[in-house]
Amino acid sequence: MNQPAPTHEKPRDWWWLYALIAAASASLQCVLVRFWPNEPLIWLVTVFAVTFGAVMYFHPMGRLRRWAGALFGFGLGCASVPSLIARLKWDETRNGEFLIDNSPFLAIACLAIGFLLACLDATIRAESEGKSSSRLGAVLIALACVAGYITTGSRSEAEPAIANTSGTQSVAKGATVADSPGAIVGSTVQGAVEINVGASDETVQKILDANSRAIDSKDQQLAERDSEIEALRSALARAERQANEGDAQAVEALKQARETGDIAELQRLLLDRAAVLDAQVAPQLAELTEVRHEAAAIAYLRGDIATAESSLQALIDFDPNDIAAINSLSLVHKLRGNLHAAEQGFRRMLELAEDNPAHQAVAYGNLGLIYQTRGDLPGAEEMLRKSLAIEEELGSKEGMASQYGNLGAIYQTRSDLPGAEEMFRKSLALNEELGSKSGMASNYANIGVIYSTRGDLPGAEEMLRKSLALNEELGSKAGMASDYGNLGVIYQTRGDLPGAEEMLRKSLTLSEELGRKAGMAIQYGNLGMIYETRGDLPGAEEMLRKSLALNEELGSKSGMASNYANIGVIYRRRGDLEGAEEMLRKALAINEELGRKEGVANAYGNLGWIYKMRGDLAQARDYWLRSRDLFAEIGMPHMVEQLQGWIDELPPESDRGE
């Protein structure tokens, strides 16, 4: 006989219990992240979330249940994303902010979709098996999801504003409220601090009514009024704390405010408190300012321009009228080639230094350097002489030394070598008397350049080596860059091209490191002439074009004139006489405008070669004679000799008797 198949009791279905725990845990996770983001418990719940999601996904049950359970677990894990990002210090990155902003919504979406899948599963099972408990489980999960939505969505951002109800002020967690010794603070309740400040709505309204003419107007913005009310509540809170400490003035101020709405005594109380705090804090602020000035000076001296700039900007942010910081930051701008910002800074100095001659002298001197860089030599000399006159009146040897040196540079640009050397030697004498190594280094370098211009290469190298030794001792990268560049020019003049390139590249590296565009422009130009001497015309033009671009950016007319002249030489060597003449005439026009006799003489000499190559020997002789006479006037005998040699090589018939 056939026996009936044995019946087996179906195991108890714990599915809804698991799902309910997951949904409730997700809601709990949202609460924990919002109110206790640093608690270790968050990570225990997160571990549970990941484990639950994995178990539910691989559980041998219906597909709808598996996906619903996995979504509950994933939603639970999403709730911990903000805390995880904060712990990893990614909260200030763009991606971190995006995840923090959107993770609560993703968690809610996971819970909602999981809930829908669970409801669908419950409906199917109820129809097929009559399981009413499935519907009950779905309802419980729905309640848990709603709780998660409320705790995540309604508290998406902590309110910074201070609310007041019945004389109690609630301050968000992390806000500083105890700003004076002995301040009375309440107990911590769920991350908030409550303080009884006595600033009831009635008191506040009475004050507003009593002072309506002062603070109300049709044009007043609502935000401004809210800010005033908030400040009023804060002031009353401060007065309450001082009154609790036994301050009679605070007691009287509160009494007047509560009874009549008069806040004159409250104002006096706050001003007196500000005076006390100022007396306590002022010495520390003075030391902080002094330390920042010292740090900026050291960074500038070391060539750490970025650190110097940030320190100086911090000083100006704290005190926009800090003349010393404005001057130093303007020098940084000048070093980097931002002449407009530098000039604005120095003119701001003049405004602030109306009654301070010493600061006026510094501002005039630095404005003179700006004008010199732009090629405005008359304007530069005017500013420098104003500065010198003030320094002489003050008897400031350091200031006089600085302006003598700067005037020497003006004379040197004009090719007045005797006048330039006289100024440099005056400056050197004062710097030696003062023991100023940085000033002496600058003077030695400038005198070395004059010797080099005159053709005295041994004397030039001696002076430049003295300057380099002092700058290396001082750790002055800017000074070292200048010295390496000038030594490179001397080596180039001697024909030592490898030695010249080594020096020029050392200079270029330091200038790039400092962000010193003027120095970079000079050395690109010098390297271009090294390449030209070697016959590498493409490389030479590339370097000269780099130099020209920087000089145009800086507005340096003297630099642009040198670049045009040297590019003209490149074109001449290629046989492009039209292009060469165009460039040389550009250089000539700028040099004539600046009064740079050496530049004019060089342009005449190169134009003479253009005409010689065209066969116009008479015109070539004319330009070479002009060039020779200018070099003789400047005091450059080696160039006079070179030009005379070219003239002597011309046939006699080219002489037009001039």
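The values are calculated or read from the model by the stated rules, or taken from the named source; none is laboratory data. These figures come from a predicted structure and were not determined experimentally. Cβ coordinates were reconstructed from backbone atoms using ideal geometry, including for glycine residues, and neighbour counts include every protein chain displayed. Surface areas here come from the heavy atoms of the whole protein model, side chains and all, with no ligands, DNA or RNA. Shrake-Rupley method; radii C 1.70, N 1.55, O 1.52, S 1.80 Å.
Sort through E578, E633, E641, E553 and tell me the only one that's touching a Ser or Thr at 6+ places or on another chain (Cβ under 9 Å), loosely packed, with under 15 Cβ neighbours inside 10 Å, part of a helix (DSSP H, G or I) and at negative phi.
On the way: E578 fails: touching a Ser or Thr at 6+ places or on another chain (Cβ under 9 Å); E641 fails: touching a Ser or Thr at 6+ places or on another chain (Cβ under 9 Å); E553 fails: touching a Ser or Thr at 6+ places or on another chain (Cβ under 9 Å).
Every option except E633 fails the conditions.
Limited to region 595-621, what total is found for residues that are surrounded by fewer than 19 Cβ atoms within 10 Å (Cβ to Cβ) and either under 30 Å from A420 (Cβ atoms) or at pLDDT 95 or above (or both)? Explain how you work it out, then say what you get.
Just the residues of region 595-621 that are surrounded by fewer than 19 Cβ atoms within 10 Å (Cβ to Cβ), to begin with: 595, 613-619.
Now narrow it down to the ones that are either under 30 Å from A420 (Cβ atoms) or at pLDDT 95 or above (or both): 595.
Of the residues in that region, 1 qualify.
Let me spell it out: the conditions are (1) β-branched (V, I, T); (2) open to solvent by less than 30 Å² (accessible area, probe 1.4 Å); (3) more than 27 Å from E633 (Cα to Cα), and T533 meets all of them except one. Which number is the exception?
(2)
Mind checking which residues of region 309-340 are open to solvent by less than 20 Å² (accessible area, probe 1.4 Å) and closer than 16 Å to T373 by Cα?
S330, V332, G337, L339
Here's the yes/no breakdown for (1) of a type in the set (A, V, I, L, M); (2) open to solvent by less than 50 Å² (accessible area, probe 1.4 Å); (3) over 31 Å from the mean Cα position of the chain (by Cα):
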position: L350; (1), (2), (3): yes, yes, no
position: D355; (1), (2), (3): no, no, yes
position: G365; (1), (2), (3): no, yes, no
position: D376; (1), (2), (3): no, no, no
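Residues checked against (1) touching an Asp or Glu at 6+ places or on another chain (Cβ under 7 Å); (2) closer than 21 Å to T373 by Cα; (3) free of Cβ contacts under 8 Å to residues at least 40 places away in the same chain; (4) open to solvent by less than 30 Å² (accessible area, probe 1.4 Å):
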residue: G408; (1), (2), (3), (4): no, yes, yes, yes
residue: Y411; (1), (2), (3), (4): no, yes, yes, no
residue: R414; (1), (2), (3), (4): no, yes, no, no
residue: G419; (1), (2), (3), (4): no, yes, yes, yes
residue: F424; (1), (2), (3), (4): no, yes, yes, yes
residue: L428; (1), (2), (3), (4): no, no, yes, yes
residue: E433; (1), (2), (3), (4): no, no, yes, no
residue: S442; (1), (2), (3), (4): no, yes, yes, no
residue: A445; (1), (2), (3), (4): yes, yes, no, yes
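In the list S467, S396, which residue meets the criterion of being open to solvent by less than 20 Å² (accessible area, probe 1.4 Å) and of a type in the set (S, T, Y)?
Working: S396 fails: open to solvent by less than 20 Å² (accessible area, probe 1.4 Å).
Result: S467 is the single residue among S467, S396 that is open to solvent by less than 20 Å² (accessible area, probe 1.4 Å) and of a type in the set (S, T, Y).
In region 260-272, is there at least one residue being outside any loop (DSSP other than H, G, I, E, B), touching a residue at least 40 places away in the same chain (Cβ under 8 Å), open to solvent by less than 60 Å² (accessible area, probe 1.4 Å) and of a type in the set (D, E, K, R)? Spell out how you get there, then give the answer.
The initial filter retains those residues of region 260-272 that are outside any loop (DSSP other than H, G, I, E, B), namely 260, 264-272.
Those left that are additionally touching a residue at least 40 places away in the same chain (Cβ under 8 Å): 260.
When the remaining residues are screened for being open to solvent by less than 60 Å² (accessible area, probe 1.4 Å), the result is none.
Within region 260-272 (the criterion being outside any loop (DSSP other than H, G, I, E, B), touching a residue at least 40 places away in the same chain (Cβ under 8 Å), open to solvent by less than 60 Å² (accessible area, probe 1.4 Å) and of a type in the set (D, E, K, R)), the answer is no, since none of the residues qualifies.
Please verify whether region 425-448 includes one or more residues that are within 21 Å of K334 (Cβ to Cβ), under 35 Å from the mean Cα position of the chain (by Cα) and basic (K, R).
Going residue by residue through region 425-448, those that are within 21 Å of K334 (Cβ to Cβ) are 427, 436, 438-439, 441-443, 445-446.
If we keep only those that are under 35 Å from the mean Cα position of the chain (by Cα) as well, we get 436, 438-439, 441-443, 445-446.
Filter again for basic (K, R), leaving none.
The answer is no, given that none of the residues of region 425-448 is within 21 Å of K334 (Cβ to Cβ), under 35 Å from the mean Cα position of the chain (by Cα) and basic (K, R).
Take region 500-514 and flag every residue that is surrounded by fewer than 18 Cβ atoms within 10 Å (Cβ to Cβ) and within 11 Å of N526 (Cα to Cα). Talk me through it step by step, then tell me what you get.
We begin by selecting, within region 500-514, every residue surrounded by fewer than 18 Cβ atoms within 10 Å (Cβ to Cβ); these are 502, 505, 509, 512-513.
Within region 500-514, R505 is the sole residue that qualifies.
Given the residues L487, L504, L514, which is the only one that is over 21 Å from R336 (Cα atoms) and either of a type in the set (A, V, I, L, M, F, W, C) or modelled with pLDDT under 95 (or both)?
Details: L504 fails: over 21 Å from R336 (Cα atoms); L514 fails: over 21 Å from R336 (Cα atoms).
That would be L487, the only listed residue that is over 21 Å from R336 (Cα atoms) and either of a type in the set (A, V, I, L, M, F, W, C) or modelled with pLDDT under 95 (or both).
I'm trying to understand the selection: among the residues of region 378-389, which are buried (at least 21 other Cβ atoms within 10 Å of the Cβ) and either over 33 Å from the mean Cα position of the chain (by Cα) or over 24 Å from A601 (Cα atoms) (or both)?
First, pick out the residues of region 378-389 that are buried (at least 21 other Cβ atoms within 10 Å of the Cβ): 380, 383-384, 387-388.
M383, L384, S387, L388, listed by residue number.
Yes/no per residue for (1) at pLDDT 75 or above; (2) charged (D, E, K, R):
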{"position": "I195", "(1), (2)": "no, no"}
{"position": "Q205", "(1), (2)": "no, no"}
{"position": "A214", "(1), (2)": "no, no"}
{"position": "R233", "(1), (2)": "yes, yes"}
{"position": "R238", "(1), (2)": "yes, yes"}
{"position": "A279", "(1), (2)": "yes, no"}
{"position": "L288", "(1), (2)": "yes, no"}
